[in-house]
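What follows is a set of notes on a single structure, which appears directly below.
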Amino acid sequence: MSHPAVQNIAKLALKGSIRVQIRKSSLALTLVSQQSRFMSSKPNYEGHIPLNRFETALLTLGSAFVALTNPRRGDMVAALGETTAGPTVSWLRDRMLASAEGRKILKDRPRVNSTTVDMDALARLPDGSLGKAYVTWLERCGVTPDTREPVHYIDDPELAYVMQRYRECHDFYHCICNLPVNVESELAVKYFEFANLGLPMTGLAALFGPLRLTPQKRARLFSEYVPWALKCGGTARSLITVYWEERWEQNVDDIKKELGLWDPPEARWSKPLSEAKQAAEKRAQNQRAQV
């Protein structure tokens, strides 16, 4: 028998009640998590929620509905990414196993958040380094690496980590491609990720996301960003195999050349680069003062 919470998601989606769906989806996921503890299938890792095929299908429909109507719902976007991953995540794991750098990632299983990454140390690195570029990008976009949802619905622990790794490295793709956090740039990155990694969720986002753009922005997306994303993403090295944390001191331009990346058309930023650099430098100065 399927979870009542998962059934509830499907019913809401079929009714088309957007307001009720958005309010109750978080509660539904919580109920699924709690009730899964009583299933015959035991969790394979911390946070794992085992589901049968029928429950997975219902959760896919519900999460797709909410993700399309409210893309800011990171929990629903994450659930959709996991339930639609299919064999793609296994293929990504195989790509990592075929690379010395990728194998080291699978062995070490590094995590990317403000606890595991010393942002102050990155701010002290020289201009042009990946670490300095990353912390400057975070300051410029006003985001933090602590917002990525944990994986719940992928059964194999190693494959679950591969999906988690993809999520936590998403900002690196923005950073190294010099793209901000807005709808237009996010869709450009999704097209890039689909060409480079092949995850179905990125393809769904690329397919339906442009509907949220104005006609002018949509025209620019398809005339400028999509050609870049498909060609660059399709020819570049698979970025899931890159151990970014061991490259903090490496020059960004050298990394791009090594990975086969080139810049997209110039994006529109809400904060000037000079302000972000000043904020990063202030962080470094404060850290030196404390020492």
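The values are calculated or read from the model by the stated rules, or taken from the named source; none is laboratory data. Every value quoted in this text rests on a predicted model; they were computed, and no experiment measured them. Glycine gets a Cβ as well: all are built from the backbone with ideal geometry, and neighbour counts include every protein chain shown. Remember, those area values only see protein heavy atoms, side chains included, never the ligands or the DNA or RNA. Shrake-Rupley method; radii C 1.70, N 1.55, O 1.52, S 1.80 Å.
Values as computed for the structure displayed
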| read-out | value |
| --- | --- |
| Elements of type helices (runs of 4 or more DSSP H) contained in the stretch 219-291, each with 2 or more residues being at pLDDT 65 or above, over 20 Å from the mean Cα position of the chain (by Cα) and more than 30 Å from G102 (Cβ to Cβ) | none |
| Any hit, the stretch 121-137, residues being modelled with pLDDT of 95 or more, open to solvent by less than 30 Å² (accessible area, probe 1.4 Å) and basic (K, R) | yes |
| Residue within the stretch 168-177 that is outside any helix (DSSP H, G or I), at positive phi and open to solvent by less than 60 Å² (accessible area, probe 1.4 Å) present | no |
| Test: residue in the stretch 57-64 that is in contact with a Ser or Thr (Cβ under 7 Å, 6 or more places away or on another chain), at pLDDT below 90, outside any loop (DSSP other than H, G, I, E, B) and surrounded by 14 or more Cβ atoms within 10 Å (Cβ to Cβ) | no |
| Any chance F192 is surrounded by 22 or more Cβ atoms within 10 Å (Cβ to Cβ) and not charged (D, E, K, R) | yes |
| Search result, residues across the stretch 138-162 that are open to solvent by 10 Å² or more (accessible area, probe 1.4 Å) and assigned to a helix (DSSP H, G or I) | L138, E139, R140, C141, P145, D146, T147, P157, E158, L159, Y161 |
| Residue identified as among the small types (G, A, S), over 19 Å from the mean Cα position of the chain (by Cα) and at pLDDT below 50 among S26, S41 | S26 |
| Residue ID - least open to solvent (accessible area, probe 1.4 Å), chosen from residues in the stretch 79-115 that are out of contact with any helix residue (DSSP H, G or I) (no Cβ under 7 Å at 6 or more places or on another chain) and of a type in the set (A, V, I, L, M) | A100 |
